Structure formats: C-alpha cells, structure tokens
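The values are calculated or read from the model by the stated rules, or taken from the named source; none is laboratory data. Given the structure is predicted, the values throughout are model-derived calculations rather than measurements. Here the Cβ positions follow ideal geometry from the backbone for every residue, glycine too, while neighbour counts run over all protein chains shown. Calculation scope for accessible area: heavy atoms of the full protein, side chains included, ligands and nucleic acids excluded. Shrake-Rupley method; radii C 1.70, N 1.55, O 1.52, S 1.80 Å.
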Amino acid sequence: KAGVTQTPRYLIKTRGQQVTLSCSPISGHRSVSWYQQTPGQGLQFLFEYFSETQRNKGNFPGRFSGRQFSNSRSEMNVSTLELGDSALYLCASSSLWEETQYFGPGTRLLVL
Amino acid sequence: EDQVTQSPEALRLQEGESSSLNCSYTVSGLRGLFWYRQDPGKGPEFLFTLYSAGEEKEKERLKATLTKKESFLHITAPKPEDSATYLCAVQATATDMRFGAGTRLTVKP
C-alpha cells in the first residue's frame, strides 16, 4: 500500500506570496492532518479534515487554510507569506479503525 | 492544559550502550500514546501505539512501555543507524494530538 505523498517536496517563495501544498493520504484513509515543524517550536498542529470537513484547528492565523476533496486528498494554503512561515509542513493520514497517524515526507518551504 | 514533555533533549550513546527515553504527559483522558522516529529532513516514521497503562510493545531493539503518567522507549544495544530524533505524542480527543519536543539520539560506533 502506498504511503502518504506530499507535493511539492521543496518550495522557495518570497514574502507576500501565497503557496499551496498538496497531500494524498494512504488509500482508504479519510482523515488528514497538517502540521508545521520548525526547530524552535517543534511539531505544531495546523488543522484536521475528515470527509471534506474541518474537524479541528490549531492556533494559527487565518492566513493558513486548508480543504479536503471527495477523494480525501487535501491541500493547505498559506497567503501573504512571512519569513517565519519557513518550515517543514507535514501531512498525516489515519483511518477510521485506528488512532495512529502516518506521515508523509513533508514539504520544505523557504520564504525569502 | 494537556502537556507532553520528553527527556532528555539529547542523548549520546556508544554502540551497544542501552538506555531509555522518557515521555511524561498530562491529559484529561488518554486515547493513545504514540512513538515516532524522525530522520533529518524527513517525515516522522511510526513506531508504536500504546493505549493503556501496563501495555508494552517491542520492535527489534526498541521497547515501549506505558504508565498512567509516562512512557519509556527502551533502546537495547543500539547501533549507529538508530541515531534519529524520537518523538512522543498523545491523543486526548479524536482530533487533538499533541507532540513532545523530541529526544535527539546519537549512537557512536
């Protein structure tokens, strides 16, 4: 079974731009969560989607948004990028039958 | 407030020198405790899920245990390839998973 995939793997943007990241969950998984990881803050929860509905949201500004499609694929968008948005963005999926989240390889975003 | 604290922050071992990593937590109701391994620049790799106090799970040189307040990840006779950051996470509700800051393990040959 294929794992969680994320595209693109690397991105370089400049301040003020916006960016869209994509995540394809493990086949059959309907829950997708997004995290931001930085050396100083560790792994921080952004939001979680299940069946196209956002079920939970972390403490991030409204510039961070997401959505989930009917095939469970998810996207997250960051508008008006700031230098502090430079991070590894991780997507994780889980099934209805277990709590375990399986992570993708991440998208490394660098904001200049 | 739910909290997850991992110790030590960093650990350096000689190859073959066994040790343990700690994850202490305070949550109102534990649905699950998870251990992950993360290599630099990569996504966390799932290791174990523990659900109730007294539960233990093993995989190769790793063994995870759980009490009502903490979990330990025991590493027996580690090898250099075990070098990584080990993350602990707890799930208190269906949609809320909290991660610790991790323990950075280095195993010298």
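Key figures for this structure:
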{"quantity": "Computed E for A:THR20/B:PHE46 - FRET, C-beta separation, R0 22 angstrom, nearest 0.05", "calculated": "0.25"}
{"quantity": "Per residue solvent-accessible surface (Å²) - chain A, probe of 1.4 Å", "calculated": "48"}
{"quantity": "Reduction of at least 50 Å² in accessible surface, 1.4 Å probe, comparing all protein chains with the chain by itself, residues of region A:79-100", "calculated": "A:GLU99, A:THR100"}
{"quantity": "Relative intensity, log₁₀ I(q)/I(0), of region B:33-78 from a Debye sum that treats every alpha carbon as a point, q = 0.14, 0.21 Å⁻¹", "calculated": "-0.35, -0.71"}
{"quantity": "Environment charge of B:SER28, counting only residues whose C-beta is closer than 11 Å and scoring Lys/Arg +1, Asp/Glu -1", "calculated": "-2"}
{"quantity": "Environment charge of B:ARG12, counting only residues whose C-beta is closer than 10 Å and scoring Lys/Arg +1, Asp/Glu -1", "calculated": "+1"}
{"quantity": "Choice from B:THR76, B:THR49, B:THR85 showing the highest fluctuation, given a GNM over chain B with Cα pairs closer than 10 Å", "calculated": "B:THR76"}
{"quantity": "18 Å Cα-Cα reach of B:LYS68 towards lysines, excluding residues that sit fewer than 8 places from it in its own chain", "calculated": "B:LYS57"}
{"quantity": "GNM flexibility winner over chain A from A:ARG67, A:ARG15, A:ARG30 (Cα, springs under 10 Å)", "calculated": "A:ARG15"}
{"quantity": "Percent accessible area from carbon and sulfur atoms, chain A, protein chains only, probe 1.4 Å", "calculated": "49"}
{"quantity": "Lysines with Cα under 17 Å of B:LYS108, excluding same-chain neighbours fewer than 8 positions away", "calculated": "B:LYS79"}
{"quantity": "Calculated Rg and Dmax of region B:1-59 using C-alpha coordinates, Å", "calculated": "13.4, 39"}
{"quantity": "Highest-MSF residue in chain B out of B:SER83, B:SER19, B:SER28 [GNM, Cα springs under 10 Å]", "calculated": "B:SER28"}
{"quantity": "Protein-protein interface of region B:20-40, residues with accessible area decrease of at least 30 Å², isolated chain reference, 1.4 Å probe", "calculated": "B:ARG31, B:TYR36, B:GLN38"}
{"quantity": "B:GLY32 long-range amide H proximity, modeled H, under 5 Å", "calculated": "B:GLN91"}
{"quantity": "Once exposed loop trypsin sites (Lys or Arg not before Pro) are cut out (DSSP; at most 16 other Cβ, 10 Å), longest piece of chain B", "calculated": "B:70-109"}
{"quantity": "Bins of 10 Å from zero: percent of alpha-carbon pairs in the protein assembly as shown", "calculated": "8, 33, 35, 19, 4, 0"}
{"quantity": "Options A:THR7, B:SER28, B:VAL90, ranked by Cα towards positive dipole end of the protein assembly as shown, top entry (Cβ charges)", "calculated": "A:THR7"}
{"quantity": "Within region A:1-95, GluC sites (Glu not before Pro) in DSSP loop having at most 16 other beta-carbon neighbours inside 10 Å", "calculated": "A:GLU52, A:GLU82"}
{"quantity": "Nearest-0.05 FRET efficiency for A:ASN77 and A:ALA2, computed from C-beta distance (R0 22 Å)", "calculated": "0.35"}
{"quantity": "Probe 1.4 Å - accessible area at A:ILE12, Å² to nearest ten", "calculated": "120"}
{"quantity": "Residues losing 20 Å² or more accessible surface upon assembly, region A:41-67, compared with the chain by itself, 1.4 Å", "calculated": "A:LEU43, A:PHE45, A:ARG55, A:ASN56"}
{"quantity": "Radius ratio Rg over Rh of chain A, counting only Cα atoms, Kirkwood formula for Rh", "calculated": "0.95"}
{"quantity": "Calculated P(r) tail over 18 Å for region B:21-109, as whole % of Cα pairs", "calculated": "40"}
{"quantity": "Rounded FRET efficiency, nearest 0.05, which uses the C-beta distance separating A:PHE69 from B:ASP2 and R0 of 41 Å", "calculated": "0.85"}
{"quantity": "Two-site label geometry, B:ASP39 and B:GLU70: point separation in nm, points 7 Å out along Cα→Cβ", "calculated": "3.0"}
{"quantity": "Under DSSP loop assignment and at most 10 Cβ neighbours within 10 Å, longest GluC sites (Glu not before Pro)-free interval of chain B", "calculated": "B:10-59"}
